[in-house]
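Asks: Starting off with a structure, shown below.
The values are calculated or read from the model by the stated rules, or taken from the named source; none is laboratory data. Quick caveat: nothing in here was measured; it's all calculated off a predicted structure. Backbone-built Cβ (ideal geometry, glycine too); neighbour counts: all protein chains shown.
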Amino acid sequence: MSHAAAPRPITAHPEAALGGRIRVPGDKSISHRSLMFGAISLGETRIEGLLEADDVLGTGRAMAAMGATVVRDGEGLWRVSGLGCGGLLEPEGVLDFGNAGTGSRLCMGLVGGHSFAATFVGDASLSRRPMGRVLDPLREMGVEVIARTKDRLPLSLKGAATPTPIVYRVPMASAQVKSAVLLAGLGAPGVTTVIEPVATRDHTERMLQGFGADLSVEVDAGGGRVIRLVGRPELKAQAVVVPGDPSSAAFAIVAGLIVPGSEVTVENVLLNPLRTGLFQTLLEMGADLLIENERLSGGERIGDVRVRASKLAGVVVPPERAPAMIDEYPILAIAAAFAEGPTVMEGLEELRVKESDRLAAVARGLEANGVACVEGEASLVVEGRKAGARLGGGLVATHLDHRIAMSFLVLGLAAEKPVTVDDTAMIATSFPSFLPLMESLGARFTEA
């Protein structure tokens, strides 16, 4: 999305039942990493199913700016000719990541493992997001940081000539922090160790092993993980097939559950156990949700997710589940708005530092559409559907956050009154085909 893109408000209208089969774009986390690992491997990495959204394309441009060859052929296949581990080159211009928190933070780790300087910039939303949790361990490894505003973009990094391998205990559940440290550790002699008390999405570990890194994972008695990476490996190019993004699939899945009479199937969805917390929660709420055609592809479980409209009940979501569904809480809140009884969500402090303060944005959006909720410092209680309540009719402030926009458009498909979001231009950062795919199921959207 252009930093100056004009706002595009959209209204979602309650209509007839939704139905059909769709495929959502490739998983964003795997797409980012495919481009990065291809850039630091020897040979040509071929990527099928890459998410061609603004966030991921920004990562591709950053890899090209540091010397890798990144091209797309006419069939949608991406080819990355890499420079080998430690072989990236100092970029001539700034690295512009737009709205991409994942791309920028992981790339900071990559740059931290090289002895050159790079300047990171982003849009207004990304420039407000704190980067200190990534920069602090990188500083321990010898990376120099220069920032106009403390630990926020724009900022410049200069990697150490010989990065220091460290043992780092992640203070919060964050796959981005873990991944940044491991990526910087690729350039360090010796073993870099990351200890995470709660398991987070493990695509970095799986993919680094697939590209040839010497990486081991131990799980302790409490479910925490100790990850050890031997630095300066010889990574070799791979063929990567990117499965469908479960975070994108979540919108159609919840819509199929809350719009009366609906039946929706989303094909080819990634079912990594550290990414399926939403599906587990929906099943606990009484969702008619079935995994079909389950299979393995590239070491990852994938399958088709079929849902039918269901009578949902409120539940208590345990805080330890948050890492497996952190991006799905906005759409879970929409499902909870149509459930019987309260849904309690805890352990949500990470939502305060996403593309927006998602916790506050969700709460204000619910209130604007007649849904009672209680916002805590790191919690949200959605009271559930009240007898005779007529939901909808509100205007939702999205705060440049794609997941807020898509979640409340789903609310508008099931509410009694239309729901308008103030901007949808930023949806292109993660799910550019969201509107047409939902319309293919029977959704109706109009320009507001």
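Asks: So if I check each of LEU18, LEU50, which one is buried (at least 23 other Cβ atoms within 10 Å of the Cβ), assigned by TED's automatic domain parsing to the domain that holds LEU437, at pLDDT 95 or above and in contact with a Ser or Thr (Cβ under 6 Å, 6 or more places away or on another chain)?
Replies: Selected residue: LEU18, the only one of LEU18, LEU50 that is buried (at least 23 other Cβ atoms within 10 Å of the Cβ), assigned by TED's automatic domain parsing to the domain that holds LEU437, at pLDDT 95 or above and in contact with a Ser or Thr (Cβ under 6 Å, 6 or more places away or on another chain).
Asks: Find all pairs meeting these conditions: Cβ atoms under 8 angstrom apart; at least six residues apart or on different chains; first residue within the stretch 84-104 and within 26 Å of LEU42 (Cβ to Cβ) and in contact (Cβ under 8 Å) with a residue 60 or more places away in the chain; second residue of a type in the set (Val, Ile, Thr) and assigned to a loop (DSSP other than H, G, I, E, B).
Replies: Going by the 8 Å Cβ cut-off, the qualifying pairs are GLY84/ILE40; CYS85/ILE40; GLY86/ILE40.
Asks: Go through (1) without any contact (Cβ under 8 Å) to a residue 12 or more places away in the chain; (2) surrounded by fewer than 15 Cβ atoms within 10 Å (Cβ to Cβ); (3) not β-branched (Val, Ile, Thr) for LEU57 and report which single condition fails.
Replies: (2)
Asks: On to the next question. From the list GLU416, GLU439, which one is assigned by TED's automatic domain parsing to the domain that holds THR343, surrounded by fewer than 24 Cβ atoms within 10 Å (Cβ to Cβ), among the charged types (D, E, K, R) and not in a loop (DSSP other than H, G, I, E, B)?
Replies: Every option except GLU439 fails the conditions.
Asks: Right, next: Given (1) surrounded by 18 or more Cβ atoms within 10 Å (Cβ to Cβ); (2) not in a helix (DSSP H, G or I), where does LYS386 come up short, assuming only one miss?
Replies: If we test LYS386 against (1) surrounded by 18 or more Cβ atoms within 10 Å (Cβ to Cβ); (2) not in a helix (DSSP H, G or I), just (1) comes out false.
Asks: Name the residue that is surrounded by the fewest Cβ atoms within 10 Å (Cβ to Cβ), counting only residues in the stretch 284-337 that are closer than 15 Å to VAL381 by Cβ and more than 22 Å from the chain's Cα centre (by Cα).
Replies: VAL316
Asks: Just one of the numbered conditions (1) modelled with pLDDT under 95; (2) out of contact with any Gly (no Cβ under 6 Å at 6 or more places or on another chain) is not true of ALA324; which one?
Replies: It is condition (2) that ALA324 fails.
Asks: Give the residue, chosen from ARG295, ARG301, that is of a type in the set (D, E, K, R), in a strand (DSSP E or B) and out of contact with any Asp or Glu (no Cβ under 8 Å at 6 or more places or on another chain).
Replies: ARG295
Asks: Next question, about the same structure. Exactly one condition in (1) part of a helix (DSSP H, G or I); (2) over 15 Å from the mean Cα position of the chain (by Cα) is false for VAL374; which is it?
Replies: (1)
Asks: In the stretch 428-437, which residues are in contact with a Lys or Arg (Cβ under 9 Å, 6 or more places away or on another chain) and of a type in the set (A, V, I, L, M)?
Replies: Of everything in the stretch 428-437, just one residue is in contact with a Lys or Arg (Cβ under 9 Å, 6 or more places away or on another chain) and of a type in the set (A, V, I, L, M), namely LEU437.
Asks: Here is a further query. Quick test of your reading of the structure: VAL70 fulfils all but one of (1) out of contact with any helix residue (DSSP H, G or I) (no Cβ under 6 Å at 6 or more places or on another chain); (2) crowded, with 18+ Cβ neighbours inside 10 Å; (3) free of Cβ contacts under 8 Å to residues at least 40 places away in the same chain. Name the failing condition by number.
Replies: (1)
Asks: Same structure again: Here is a list of conditions, (1) buried (at least 24 other Cβ atoms within 10 Å of the Cβ); (2) not assigned by TED's automatic domain parsing to the domain that holds ALA405, and GLU44 meets all of them except one; can you say which number that is?
Replies: Among (1) buried (at least 24 other Cβ atoms within 10 Å of the Cβ); (2) not assigned by TED's automatic domain parsing to the domain that holds ALA405, the lone unmet condition for GLU44 is (1).
Asks: Could you list, in sequence order, the residues of the stretch 329-363 that are within 16 Å of GLY101 (Cβ to Cβ) and in contact with a Pro (Cβ under 7 Å, 6 or more places away or on another chain)?
Replies: Selection gives VAL353, ARG358.
Asks: Report, by residue number, each residue of the stretch 102-119 that is surrounded by 24 or more Cβ atoms within 10 Å (Cβ to Cβ) and either not assigned by TED's automatic domain parsing to the domain that holds MET66 or not in a helix (DSSP H, G or I) (or both).
Replies: Passing the criteria: GLY113, HIS114, ALA118.
Asks: Right, here's the next one. Output the residues belonging to the stretch 189-208 that are buried (at least 19 other Cβ atoms within 10 Å of the Cβ), within 18 Å of MET172 (Cα to Cα) and hydroxyl-bearing (Ser, Thr, Tyr).
Replies: Once the filter is applied, which keeps residues that are buried (at least 19 other Cβ atoms within 10 Å of the Cβ), within 18 Å of MET172 (Cα to Cα) and hydroxyl-bearing (Ser, Thr, Tyr), the stretch 189-208 yields THR200, THR204.
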